[in-house]
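*Asks:* Supplied in structure tokens, the structure appears directly below.
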Amino acid sequence: MSQSVVSGKRPVIIARLFGGLGNQLFIYATARAVSLRCDGNLCLDTHSGFTRDLIYRRQYCLDQLQIPPWIERTTIPCRRLSYVVNSLVPYRYRRYIRENDMNGRPAFDGRLISLRPSRRLVLEGYWQCEEYFAEFRPRLVCELKRVFPLSSEAQRTLNEIRRTDAVAVCVRSFLEAPKAAGCIVTTPRYYADALRIVAGQVRHPKWFLFSDDPAWAVEHLRGAGIRHEFVVVSATAGSSPCEMLTLMNACKHHVIGNGTLHWWGAWLAEQRPTLKIGPVAGFLNRDALPSQWLRV
């Protein structure tokens, strides 16, 4: 982090990034909102959250999006000590805030919204709730557009999506996650109920299947008797998470699983009368689904 940012009179908000693109977007959006409310500078710790990610091997992804070029990248020194010391300080005076955890499951913490830091503040957490940043949606939609052009195959898929009443059906397998992680796979029954709702309200739906394992996802859906014909968005067409995000954003309606990338695929989509359906269970944050989305 440059000396000019550290020594300036404006507050400095430092966000510790980790996880895949979906989680990085939640962290960025929340920290960006805090910086805007206090007219502060934003810095991103793009190092400490990835160096020991030996299972998933996630990498920093936000450089593929149109986030402001003045946002600097840094790393947080003495992170654990800073957190322990600050946990003893009243919330409004803390300089290191870790996400609230209630009964083992994070929930929306309104204290962060009212916070107006005057100096440096480090934020660490998933922050999987739109209430942390919803007021800045127009700005975030602009900043979170991709920088690079789509691959030729992804562009063909995008053209097809734009020609139809496209429904994004998002299924995550969590096959890459260790069993100890306790990840919940959204059930076939949920998708059957959600797709039935869409079919009852959309006259000519075109189903686009997004999944980290498309072959598994098709069989998963067939388990509930779902016989719709899907356009499978292959790993080639969505070769990068940002391309996959762009294709999901272009769909008119969304039936998401409990993946954070799916959540952003629906949230960043153009605002218009659409159906956005999500599962009641499965997200880390109990307040993850926006109130205007249909919960099944």
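The values are calculated or read from the model by the stated rules, or taken from the named source; none is laboratory data. All figures in this text were calculated on a predicted structure; none of them were measured in a lab. Every residue, glycine among them, receives a Cβ derived from its backbone with ideal geometry; neighbour counts consider all protein chains shown.
*Asks:* State all residues of segment 127-154 that are outside any loop (DSSP other than H, G, I, E, B), surrounded by 15 or more Cβ atoms within 10 Å (Cβ to Cβ) and at pLDDT below 95; if no residue qualifies, say none.
*Replies:* R146, E153, A154
*Asks:* I've got another one for you. Consider T187 carefully, then state whether it is more than 30 Å from I67 (Cα to Cα) and not aliphatic (A, V, I, L, M). Explain how you work it out, then say what you get.
*Replies:* Values: more than 30 Å from I67 (Cα to Cα): yes; not aliphatic (A, V, I, L, M): yes.
Taking the combined requirement at face value, the residue satisfies it.
Here's the yes/no breakdown for (1) of a type outside the set (V, I, T); (2) free of Cβ contacts under 8 Å to residues at least 40 places away in the same chain:
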site: I27; (1), (2): no, no
site: R37; (1), (2): yes, no
site: L42; (1), (2): yes, yes
site: S48; (1), (2): yes, yes
site: Q59; (1), (2): yes, yes
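*Asks:* I've got another one for you. Could you tell me which of the residues G20, G49 is over 18 Å from V141 (Cβ atoms), small (G, A, S) and surrounded by fewer than 21 Cβ atoms within 10 Å (Cβ to Cβ)? Write out each step before concluding.
*Replies:* On the way: G49 fails: surrounded by fewer than 21 Cβ atoms within 10 Å (Cβ to Cβ).
Answer to the selection: G20.
*Asks:* Scan R80, R94 and give me the residue that is in contact (Cβ under 8 Å) with a residue 24 or more places away in the chain and either more than 26 Å from P241 (Cα to Cα) or surrounded by fewer than 15 Cβ atoms within 10 Å (Cβ to Cβ) (or both).
*Replies:* Numbers: R80 fails: in contact (Cβ under 8 Å) with a residue 24 or more places away in the chain.
Answer to the selection: R94.
*Asks:* Here is a further query. Are there any pairs, at least 6 apart or on different chains, whose C-beta atoms fall under 7 Å, with the first in segment 201-218 and within 18 Å of N258 (Cβ to Cβ) and without any contact (Cβ under 8 Å) to a residue 24 or more places away in the chain and the second small (G, A, S) and surrounded by fewer than 18 Cβ atoms within 10 Å (Cβ to Cβ), and if so, which?
*Replies:* From segment 201-218, the pairs are P214/S234.
*Asks:* Does any residue in segment 266-284 that is on the phi < 0 side of the Ramachandran plot come within less than 6 Å, Cβ to Cβ, of a residue that is of a type in the set (G, A, S) and buried (at least 16 other Cβ atoms within 10 Å of the Cβ) six or more places away or on a different chain, and which pairs are these?
*Replies:* Cβ pairs passing all conditions: K276/A266; I277/A194.
*Asks:* Among the residues of segment 185-213, what is the count of those that are assigned to a helix (DSSP H, G or I), surrounded by 18 or more Cβ atoms within 10 Å (Cβ to Cβ) and touching a strand residue (DSSP E or B) at 6+ places or on another chain (Cβ under 8 Å)?
*Replies:* Looking only at that region, the number is 4.
*Asks:* Another question, then. List the helices (runs of 4 or more DSSP H) inside segment 2-95, counting only whole elements, that have at least 3 residues being within 16 Å of the chain's Cα centre (by Cα) and of a type outside the set (S, T, N, Q). Show your work before the answer.
*Replies:* Values: elements: 3-7, 21-37, 79-86.
Where helices (runs of 4 or more DSSP H) fall fully within segment 2-95 and carry at least 3 residues being within 16 Å of the chain's Cα centre (by Cα) and of a type outside the set (S, T, N, Q), they are 21-37.
*Asks:* Based on what the data block shows, is R162 part of a helix (DSSP H, G or I), of a type outside the set (V, I, T) and more than 20 Å from the chain's Cα centre (by Cα)? If you could, list the steps in order and put the result at the bottom.
*Replies:* Working: part of a helix (DSSP H, G or I): yes; of a type outside the set (V, I, T): yes; more than 20 Å from the chain's Cα centre (by Cα): yes.
For R162, the condition - part of a helix (DSSP H, G or I), of a type outside the set (V, I, T) and more than 20 Å from the chain's Cα centre (by Cα) - is met.
*Asks:* Further, regarding this structure: What number of residues in segment 253-287 are in contact with a Cys (Cβ under 6 Å, 6 or more places away or on another chain) and surrounded by fewer than 24 Cβ atoms within 10 Å (Cβ to Cβ)? Even if it seems obvious, please write down each step before you answer.
*Replies:* Step one: list which residues in segment 253-287 are in contact with a Cys (Cβ under 6 Å, 6 or more places away or on another chain), which gives 256-257, 262, 285, 287.
The next check asks that each one be surrounded by fewer than 24 Cβ atoms within 10 Å (Cβ to Cβ); those that pass are 285, 287.
Total satisfying the criteria: 2.
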